[in-house]
Amino acid sequence: MPVRSSDDGNVEQDAPQTLIGWQGVRFLLPPEWNLTGFSLDRSNGYLKVDSPGSMFAQVKWTDPKYTQSRSVAEWAWRSWKTYRGGGVAAGGDPDLKQTLDAFLKDTAKAAKKSRSEFECKVKPESEELGGQRMAHNFSWTGNGQGQGKIWYCRECKRVVIAQVVGTARDPVPAVASVMFSEMRDHGEDGWETWALFDLVIGVPSNFSLKAQKLMSGYLRLEFQRIGGEKLVVERWGLADVALRRFSLGEWFEKTCPVRQHAGRVAESEVNGHKAVMTSGSVKSPSAWARALAEGAATKNPALHYEAAAWSCPEANRIYAVQVWRGKQTVGLIDEVVARCECH
Ligand SMILES: [Zn+2]
Ligand SMILES: [Zn+2]
């Protein structure tokens, strides 16, 4: 366990911390922690990150803004649950204490099942980040120990509850202080950081995750936004093995639909590495018709295709970024590639 808690409570670390980024939520954990649970749903999200030992971190959030667009009935039900009992504080902030009490009651139930004595402490509500958030810090002991925080973000209107859980002997307070020191719940300047398994990318906030494949040697994240524009980021491991059999250009044509969109492959450079790039347009009549239909609302149908791939010898990985975009969305691929941290 590379994180130690020194006498004065500061956390020291010997290796780079783990950055986790998902649906606008972003935080640090000690080295070697890995994402093990997640939801694709933006409105009612969940993340679980496991340590190499017995600790884990959990984050849950609700995002009424997205819930509303999905189902009015579901949204009404959720707001009723959040605000029931007249629990709306001044300024329309939701009653966090009520949600936290329900959460701690569930934790106490679990402790009772394991015949452990449950105790919890909740700090008074405080303002954070210059009044952007209202928060309660809490800790509990029972079946192990937990330290966490519940808050409401007045900017993105999310309610987030997050905690670090471990055994009585684990340095839970030290890990919680790492986790909450820089924790954010929404992106900045219209971009969100997605970070998992050492992949760190930036994606415009109005793209939402549509599909994912998270395997040990292969990661794929597919995003889409209203109007049908699409963004795909992929990463392969063991680049040295793959590039013994194929050149980077051959790998690019084999894995991305370069020929299908009739793009010419040009050499380029990304993050100081040799790269290949292409641009073309959607050709098949069915894909064309679909792009036109989806892009009708935005008058910016995703008929243009751009892609880039590069190998990073430092990380021994190959990266590919593909964009299906409208005519007006110029420069998206460059911005995404520039935000992709490969080593
Ligand atoms: Zn926020
Ligand atoms: Zn690199």
- prompt: Is segment 12-22 home to any residue that is part of a loop (DSSP other than H, G, I, E, B), at pLDDT below 90, surrounded by fewer than 21 Cβ atoms within 10 Å (Cβ to Cβ) and over 24 Å from the mean Cα position of the chain (by Cα)?
  reply: yes
Segment 134-164, subset basic (Lys, Arg) and surrounded by fewer than 20 Cβ atoms within 10 Å (Cβ to Cβ), residue nearest to Lys109 (Cα to Cα): Lys157
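Just name the residue that is farthest from ligand 1 (Cβ to nearest atom) out of those in segment 136-177 that are aliphatic (A, V, I, L, M) and over 24 Å from Ser205 (Cα atoms).
The residue in question is Ala168.
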- prompt: Within segment 165-193, can you find the residues that are within 15 Å of Gln17 (Cα to Cα) and either within 16 Å of ligand 2 (Cβ to nearest atom) or surrounded by 15 or more Cβ atoms within 10 Å (Cβ to Cβ) (or both)?
  reply: Ala174, Val175, Ala176, Ser177, Val178, Met179, Phe180, Met183
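So that you can scan it fast, the table gives a plain yes or no per residue for (1) closer than 22 Å to Ser284 by Cβ; (2) assigned by TED's automatic domain parsing to the domain that holds Asn44; (3) assigned to a helix (DSSP H, G or I); (4) modelled with pLDDT of 95 or more:
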position	(1), (2), (3), (4)
Val203	no, no, no, yes
Leu214	no, no, no, no
Glu222	yes, no, no, yes
Gly227	yes, no, no, no
Val233	no, no, no, yes
Leu243	no, no, yes, no
Arg259	yes, no, no, no
Gly263	yes, no, no, no
- request: Mind listing just one residue for me: the one in segment 314-328 that is more than 13 Å from ligand 2 (Cβ to nearest atom) and part of a loop (DSSP other than H, G, I, E, B) and, of those, nearest to Arg220 (Cα to Cα)?
  value: Gly326
Of all residues making up segment 226-261, the number that are among the aliphatic types (A, V, I, L, M), farther than 29 Å from Pro301 by Cβ and in contact (Cβ under 8 Å) with a residue 24 or more places away in the chain: 5
message: I'd like the full set of residues that are more than 22 Å from Thr255 (Cβ to Cβ), in a loop (DSSP other than H, G, I, E, B) and of a type in the set (Gly, Ala, Ser), limited to segment 279-313.
response: Gly295, Ala296, Ala297
- prompt: Can you find even one residue in segment 249-257 that is assigned to a loop (DSSP other than H, G, I, E, B), surrounded by 15 or more Cβ atoms within 10 Å (Cβ to Cβ), of a type in the set (Ser, Thr, Tyr) and modelled with pLDDT under 95?
  reply: no
query: If you scan segment 90-135, which residues turn out to be assigned to a helix (DSSP H, G or I), without any contact (Cβ under 8 Å) to a residue 60 or more places away in the chain and of a type in the set (Ser, Thr, Tyr)?
result: Thr107
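The values are calculated or read from the model by the stated rules, or taken from the named source; none is laboratory data. A quick note: this is a predicted structure, and the numbers were derived from the prediction, not measured. All Cβ positions, glycine included, derive from the backbone under ideal geometry; neighbour counts span all protein chains shown.
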